[in-house]
Each structure stands twice: as C-alpha cells, then as structure tokens.
2 protein chains.
Amino acid sequence: MPPAERSTRDRVLDAFETLLVTQGSRAATLDAVAAQAEVSKGGLLYHFHSKDELVDGMLTRLREQGARDAAAMSEAPEGPVGYYLETSVDSGSDFDRALIAAGRIAQENDTRASNALADLREGWFVVLREHLGDESLARTIQLIGDGLYFDDTTGLAEKNALQHVRDVLQRLGAL
Amino acid sequence: MPPAERSTRDRVLDAFETLLVTQGSRAATLDAVAAQAEVSKGGLLYHFHSKDELVDGMLTRLREQGARDAAAMSEAPEGPVGYYLETSVDSGSDFDRALIAAGRIAQENDTRASNALADLREGWFVVLREHLGDESLARTIQLIGDGLYFDDTTGLAEKNALQHVRDVLQRLGAL
DNA sequence: GGAACTGTACCGGCTGGACGGTATAGTGGA
DNA sequence: TCCACTATACCGTCCAGCCGGTACAGTTCC
C-alpha cells in the first residue's frame, strides 16, 4: 500500500505556505493558491470559505507542528541548544515553511499570526531556560536563533554562521 | 525660522515606508501612499513615474542613510558593539523605518532590495570585525543584532532583551 | 432491488471593487 | 512663463468572493 496521499485540504495549505514563502503575500492570491495546489478555485473555497479561514487553517496546523517541535527539542540527543540552533536555519522542512509563512502574515498586522508566533517562541524559550538555568543566556541564544532564521529567510544567510556561533557558545560553556 | 520643511518627494518616500512597515506591502498601494503623504495621486506620479521608481527612490535613500550609519558606528563613543546593539532595536528613527520597509520589499523577491540590505549588513560587519579582531564573535554579535531587529519588527520584542545580551557579552569580554 | 434523496468534493464562470497607470485641464507661486 | 503640483476621469487587469452546476458515494424508504 502506498503512503496515504495528502488530502486536498493539506495540499491547499501547503500551496498557500509555499507561495507566501517564495513570492510574498502579494502573490498568495486565491487563484494562485488554487493553481499551485492543482485544485480549482471553487474547490479551494469549498474547504476554506474565505482567505481569512485559509490563514486560520494554516496557523492551526502551525501550532500543532510547533508543539511537536518543542517536545522534540527537549528530548534531542544533541541537547536543546544544539537542536534549537540547527533547526533555526531553514532546512526546508514543512515546519520551517509554515513558520516563515506565518511571519509573512504577521507582517500584514495580523494579530492571530503574531500571537501564534509569540506562543511558539515562548515554548522554545521555556525549554532553553530550563536546560541552561540561565535566563540571560537563554534569551541571548534565542536571539541568535532568531538572527539565523531572519538571515535565512531574507536571503542574507552566511555559510559558516552556525560554525561561528558554536565556537562562541563553547567559550560560554553553553554547548 | 522653522526647520526646512520636508520636500514632497521625501514625504512620499516617508509615506511609502510607513505603510510598508505598519501595514505590509499589500497595503502600500499608490493611492494609499498618496493619501498618507497628503499628495494627490497625480502629484505622486509626477515625482515617481511608477511603483518601481518609488522602490528605487526608497532604496537609494536607504543606501545613503546606511553609509552615514556605518560611519557613526565606527566612531561611536560607546564603541561599535554597543552602538550596533542599541540601534538594532527599533528606535523609531527614519533609518529604522527605511530598513524595515526594505525588508518587506525584499520578501517580495525583489533583488534590488535584497542587494541593498546585504550591502548594508556587510558594512556593519566590517566595522565589527575590525574592532573585535574576531570573526566568530563578530558574526555572532551580528546575528544577535539581527535577532533583536527581527523580534522588534515582528512584535515579539522582549523588554529586557538588550540587558540580557549585554550581560552575556560582558562575560565574553566583548563589551 | 431500485427510485428518491442527501452530503461531500469539486469545477468554472461571473461580478464588483481595487489597483497601477494614463491623460488632461486647471491652479498658485517664483 | 515655467514648475510643482491638484483634481478628475478613465482604462485594463487582477482579485476575493459568490453561485450554479456536476459527479458520485451512501442512505432511506417502499
């Protein structure tokens, strides 16, 4: 039996995220999303009655992915800090894509998206602080992760950035 | 004599940036920019013949502001690192606004904007590395600055973030 | 068992409004 | 008289959202 194929609903959300990430929110029109998902516009609107509902659907899925990620982080064999830094650079995973997409929406002054992102960040911070027992260090590492993430999503990524960060964090005994 | 009033051209660019920052690129329409600048649409198009020219005008002004900022950074009394971190949080200056606005444009896959931002970042990095004589530390500090900036522009800013960073950087002897 | 009906999943055409851009006539100040 | 605008009227395109329809798998009732 082949793996269960992705539902139309999921394919529509995938398409929405992909367009947001690669082309920006101006390009993520309902027509474009439908075309990318290989669904008619009517089919898209059957699953999501409005663009707003499409955003809601995306953020709901993001929160689910985020909860799984925080759990994986606290149990990672390389430790939470290593896991956090590695996953702050865009690996092209579904979760990364969803995260970047939500960032695009948040910038349109959408509080639903901002709240979802803030909640995700808080989840990571809790794991970092508990592991390190040092609030300043935890906050600083989180900022470094944000920086890695920002550079990555703005096309400013430095090849060796992660290596430089590891070097500095070793001096601090955080890795 | 009151301060020389801002030229219409500058007011249009200000308005464009303000809309990009506060509402996102979808909201930065020519009509909206004209209204925000208190200029007629015809007046706007008198100065910038197209939306593309408006973007070019904004990026040109940004590069000028950036050159001045890098110079100020290398001569700052509190040192380049302190100056860099302070100015990474959005102080609401014209330069901050221009920077955030360019980020919005860069996300629409506009290479002009990406190039402008990359050049600005390179300018800051050169100053940091020369001052610190330590590439890893310079890169890491730049990432922290990016993180501060990202959080600020996404509404995720932590009140005491800067204090935590100072604490950690003091342990590293970078401040 | 089969006709009548229901719910689900989708297609594709349409409309009204917004947007980028053009055009043009007019105005006030240097 | 030019420059720097304002005001208004358009045009073509794009976009969100709506609607009528189709296909088809189940269910109900006789």
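The values are calculated or read from the model by the stated rules, or taken from the named source; none is laboratory data. If you're wondering where the values come from, they're calculated on a predicted model, not measured in any experiment. Every residue, glycine among them, receives a Cβ derived from its backbone with ideal geometry; neighbour counts consider all protein chains shown. We work out accessible area using only protein heavy atoms, side chains counted, and drop any ligands, DNA or RNA first. Shrake-Rupley method; radii C 1.70, N 1.55, O 1.52, S 1.80 Å.
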(request) Identify the single condition in (1) over 28 Å from A:G103 (Cα atoms); (2) at the interface with another protein chain (Cβ under 9 Å from one of its Cβ atoms); (3) touching a Lys or Arg at 6+ places or on another chain (Cβ under 9 Å) that B:R129 does not satisfy, given that it satisfies every other one. (result) (2)
(message) Restricting to region A:27-54, name every residue that is within 9 Å of DNA strand C (Cβ to nearest atom) and not aliphatic (A, V, I, L, M).
(response) A:D31, A:E38, A:S40, A:K41, A:G42, A:G43, A:Y46, A:H47
(request) Just give me the residues in region A:32-52 being of a type in the set (D, E) and more than 8 Å from DNA strand D (Cβ to nearest atom), in sequence order. (result) A:E38
(request) State all residues of region A:54-71 that are open to solvent by less than 70 Å² (accessible area, probe 1.4 Å) and without any contact (Cβ under 8 Å) to a residue 24 or more places away in the chain; if no residue qualifies, say none. (result) A:A71
(message) Take the conditions away from DNA strand C (no atom under 16 Å from the Cβ), closer than 22 Å to B:G147 by Cα, more than 13 Å from chain B (Cβ to nearest Cβ) and open to solvent by less than 70 Å² (accessible area, probe 1.4 Å) and apply them to A:S93. Does it pass?
(response) yes
(message) Scan region B:4-24 and tell me whether some residue there is outside any helix (DSSP H, G or I) and under 19 Å from the mean Cα position of the chain (by Cα).
(response) yes
(message) The conditions are (1) surrounded by fewer than 22 Cβ atoms within 10 Å (Cβ to Cβ); (2) under 11 Å from the mean Cα position of the chain (by Cα), and A:S74 fails exactly one of them. Which is it?
(response) (2)
(message) Any residue at all in region B:100-116 that's charged (D, E, K, R) and surrounded by 18 or more Cβ atoms within 10 Å (Cβ to Cβ)?
(response) yes
